[in-house]
Amino acid sequence: MDFDTPCIPLAHIQTYFDLRQTLVPDAEWLARRTQLAPMMVRDPHELLELIVGIDQQDFYRNAAIDYQPGDTGCFISTRQVLALVDQAVKALDMPYLGLAMGNLMTISHHGMAGVAAVTQPTVRGCLETISRFCAELFPPLEMTAVVEGGIGKFVMSENLSLAPYTHFFLELNMVSFYNITQHLVDEEHGLQSVDFSYPEPPWGHIYRRYFQCPVRFDQPETALVGPASLADCELPLANRLMAMAAEKTLFENIPTRAMRLLPLRLRRLLLRYYGAFPSLENAASDLGMSGRTLRRKLAEEGTTYQQELDQVREKIARQYFLRGGQSVTELAMILGFADSSAFAKAFRRWTGLAPTEFLEQHDGVKGEAVEAAA
């Protein structure tokens with residue numbers, strides 16, 4: 001997958017911009033709901049036009065999207081999605097648009113995806129469902145539920161850079177899922193903090209309007225953080241049959257393509273092995289093909305088995321360091337390198353930094369205190 005691979009269902013992206021089911025033409029309500037200053041709201045019909053109807057055909061045409069109303073099988077690329085976001089942000093002159101739009105996205109706004117998620121038995125099941133939907137509907141972004149010791153996290157990260165609008169997508173999803181979580185769980189299991197991996201933006205103070213818990217920037221990961229007990233918290237709307245029916249309806253109405261993209265399938269397979277990586281032949285067998293076919297299909301996608309393996313190794317290495325790991329020797333062994341020196345050379349090739357430099361830059365850990373391997 002690259003910037004120009006058409007793997008994102010346009011029908012999914014339209015939920016970001018078609019807010020008519022949530023917005024009402026009432027200036028005071030809109031100002032209160034979105035936290036927009038009154039001078040920004042002006043005529044609510046004008047605001048609706050800017051968010052929803054920047055003349056729909058021009059909106060898509062400006063992003064090089066060939067779309068006809070009613071077309072449910074249209075797929076677009078990451079580059080085209082960014083072009084849509086760029087138009088909306090510039091039309092409103094509103095860099096924090098992700099926060100406002102995420103705040104407007106209720107459970108019902110997420111449609112069948114929302115129903116399937118909130119009718120799972122537990123919060124863990126809800127988050128795993130969301131992660132699966134994200135992998136299919138918006139593969140540039142990855143969502144993962146993690147429990148470490150007494151802490152539970154719902155982590156969001158990029159599989160493909162969404163710059164310069166990384167913050168838009170993270171703001172939108174973090175606010176939306178924060179609000180949904182607040183409605184589903186009691187205060188005892190509430191969230192402890194909302195973390196962002198990037199520096200506080202110029203509009204950082206606006207974040208505090210949307211999150212009623214500590215907001216932290218420059219963190220190792222972008223994540224909703226709460227007690228580990230939150231994972232097993234039972235959901236009030238739990239209904240397995242409804243969850244299954246909603247998921248079936250979702251994928252019947254929104255076709256997906258992500259799982260048919262071989263590099264993505266291979267990466268997900270390799271991540272499941274977490275270190276005990278299979279050979280190309282064994283990976284090909286798991287994917288239902290011969291090694292020769294896997295090589296050919298990857299070549300057609302402009303990549304190789306080694307390139308995909310290196311991407312997975314880099315991701316695991318970054319996560320290991322950002323979550324507090326400091327032993328280069330241990331990490332080299334986890335990733336299947338012959339020794340720490342070979343790993344350090346590969347890590348420098350991936351990141352431009354030695355492992356010790358990465359730790360100093362991201363965790364403030366002094367190089368002398370870390371096992372040297374660069």
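For the range 183-196, the criterion of being closer than 23 Å to residue 86 by Cα, in contact (Cβ under 8 Å) with a residue 24 or more places away in the chain and within 21 Å of the chain's Cα centre (by Cα) is met by at least one residue.
Can you find even one residue in the range 307-322 that is farther than 26 Å from residue 348 by Cβ, part of a helix (DSSP H, G or I) and modelled with pLDDT of 90 or more? Taking every residue of the range 307-322 in turn, none turns out to be farther than 26 Å from residue 348 by Cβ, part of a helix (DSSP H, G or I) and modelled with pLDDT of 90 or more. Of note, residue 168 satisfies the criterion of being aromatic (Phe, Trp, Tyr), buried (at least 22 other Cβ atoms within 10 Å of the Cβ) and in contact with a helix residue (DSSP H, G or I) (Cβ under 6 Å, 6 or more places away or on another chain).
The set of residues from the range 322-339 being surrounded by fewer than 21 Cβ atoms within 10 Å (Cβ to Cβ) and touching a helix residue (DSSP H, G or I) at 6+ places or on another chain (Cβ under 6 Å) comprises 329, 337. Annotation: of all residues in the range 229-281 being at pLDDT 85 or above and among the polar types (S, T, N, Q), the one that is surrounded by the fewest Cβ atoms within 10 Å (Cβ to Cβ) is 279.
Selection over the range 74-100 of residues that are buried (at least 23 other Cβ atoms within 10 Å of the Cβ), modelled with pLDDT under 90 and touching a Phe, Trp or Tyr at 6+ places or on another chain (Cβ under 7 Å) gives a count of 1.
Give the number of residues within the range 340-355 that are outside any helix (DSSP H, G or I) and surrounded by fewer than 18 Cβ atoms within 10 Å (Cβ to Cβ). Walk me through it before giving the result.
Narrowing the range 340-355 to residues outside any helix (DSSP H, G or I): 352-354.
Subset that is surrounded by fewer than 18 Cβ atoms within 10 Å (Cβ to Cβ): 352-353.
Going through the range 340-355 one residue at a time, the tally reaches 2.
Answer yes or no: is there a residue in the range 174-191 that is in a helix (DSSP H, G or I), under 23 Å from residue 77 (Cβ atoms), touching a strand residue (DSSP E or B) at 6+ places or on another chain (Cβ under 9 Å) and of a type in the set (Val, Ile, Thr). There is no residue in the range 174-191 that is in a helix (DSSP H, G or I), under 23 Å from residue 77 (Cβ atoms), touching a strand residue (DSSP E or B) at 6+ places or on another chain (Cβ under 9 Å) and of a type in the set (Val, Ile, Thr).
Test residue 116 against the criterion of being small (Gly, Ala, Ser) and either assigned to a loop (DSSP other than H, G, I, E, B) or under 20 Å from residue 80 (Cβ atoms) (or both), and give yes or no.
no
Residue 171 falls short on exactly one of the conditions (1) touching a Leu at 6+ places or on another chain (Cβ under 7 Å); (2) of a type in the set (Asp, Glu); (3) without any contact (Cβ under 8 Å) to a residue 60 or more places away in the chain, and that condition is (3).
The values are calculated or read from the model by the stated rules, or taken from the named source; none is laboratory data. It should be emphasised that the depicted structure is a prediction, and the values quoted were computed from it without experimental measurement. When we count neighbours, we look across all protein chains shown, and the Cβ atoms used for this are built from the backbone with ideal geometry, even at glycine.
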